[in-house]
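The values are calculated or read from the model by the stated rules, or taken from the named source; none is laboratory data. Predicted model only: the values in this text are computed from it and were never measured. Using ideal geometry, Cβ is built from the backbone for each residue, glycine included, and neighbour counts are taken over all protein chains shown. Surface accessibility is based on the protein's heavy atoms, side chains included, excluding ligands, DNA and RNA. Shrake-Rupley method; radii C 1.70, N 1.55, O 1.52, S 1.80 Å.
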Amino acid sequence: QTRLVESGGGSAQPGGSLRLSCTSSGLTLEDHAIGWFRQYPGQRHEGVLCINMFNGTTIWSDSVVGRFTISRNNAKNTVDLRMNNLRLDDPAVYFCAASSICTQWGKNDYWGQGTQVTVSS
């Protein structure tokens, strides 16, 4: 089920920006709904943003409204998560995942290994 790869994680200052990218060598991402999730230590995954096959977006976390955006680049087979105005409550391991629709996620869906995001002054 690990067929996606995340990149772009790292460290940023409060108010800074990072761009995460999700891609795959085995899946065509435009054929799937792609969600970005994050996991805090000791917590389960929480949804951040999702983009469906029609490029409609779903906001799962109200805290990212106006700061994070999700977009596709089908020519590059990528889905990006642009994170602006990072806050001290954003650090987590960020995962991308592929499903059929944004409203249904199961154990048979595809996931990446995750990329760490840290925010510090």
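How far, in nm, would the chain grow between residue 55 and residue 75 when pulled straight, counting 0.36 nm per residue and subtracting the alpha carbon separation?
5.8 nm
How much net charge surrounds residue 38 when only other residues with a Cβ under 9 Å from its Cβ are counted (Lys, Arg +1; Asp, Glu -1)?
Local charge sum for residue 38: -2.
Each residue of segment 14-27 in order: what ³J(HN,Hα) in whole Hz does its phi give by Karplus 6.51 cos²θ - 1.76 cosθ + 1.60, θ = phi - 60°, with x for Gly and Pro?
Per-residue couplings from phi come out as x, x, x, 9, 9, 10, 9, 10, 10, 8, 7, 8, x, 10 Hz.
Using amide H atoms built 1.01 Å from N in the peptide plane, name the residues 5+ places from residue 3, or on other chains, whose amide H lies under 5 Å from its own.
111
For residue 20, what charge total do you get from the other residues with a beta carbon under 9 Å from its beta carbon, if Lys and Arg give +1 and Asp and Glu give -1?
Combined, the nearby Lys, Arg, Asp and Glu give 0.
Using a probe radius of 1.4 Å on heavy atoms only, what accessible surface per residue do you get for the chain? Whole Å² is fine.
Using a 1.4 Å probe on heavy atoms only, each residue of the chain averages 54 Å².
Dimensions of the chain along principal axes (Cα, Å, largest first)?
Dimensions of the chain along the principal axes of its Cα atoms: 39, 30, 25 Å.
Using modelled backbone amide H atoms (1.01 Å from N, in-plane), which distant-in-sequence or interchain residues come within less than 5 Å of residue 119's amide H?
12
Hey, what did segment 72-121 get for relative contact order, percent, Cα under 8 Å, at least 6 apart?
Relative contact order for segment 72-121 comes out at 38 percent.
Which trypsin sites (Lys or Arg not before Pro) in segment 20-121 pass both tests, a DSSP loop state and at most 10 other beta-carbon atoms within 10 Å?
Passing both the DSSP loop test and the Cβ count: 44, 107.
At a Förster distance of 30 Å, what's the computed FRET efficiency of residue 19 paired with residue 62, Cβ-Cβ distance as r, to 0.05?
The computed FRET efficiency comes out at 0.90.
Once neighbouring chains are kept in place and the probe is 1.4 Å, which whole percent of the accessible area of the chain is contributed by carbon and sulfur?
That fraction is 46 percent.
If I take R0 = 25 Å and measure r between the Cβ atoms of residue 120 and residue 46 in this structure, what FRET efficiency does the formula 1/(1 + (r/R0)^6) give, to the nearest 0.05?
Efficiency for this residue pair is about 0.75.
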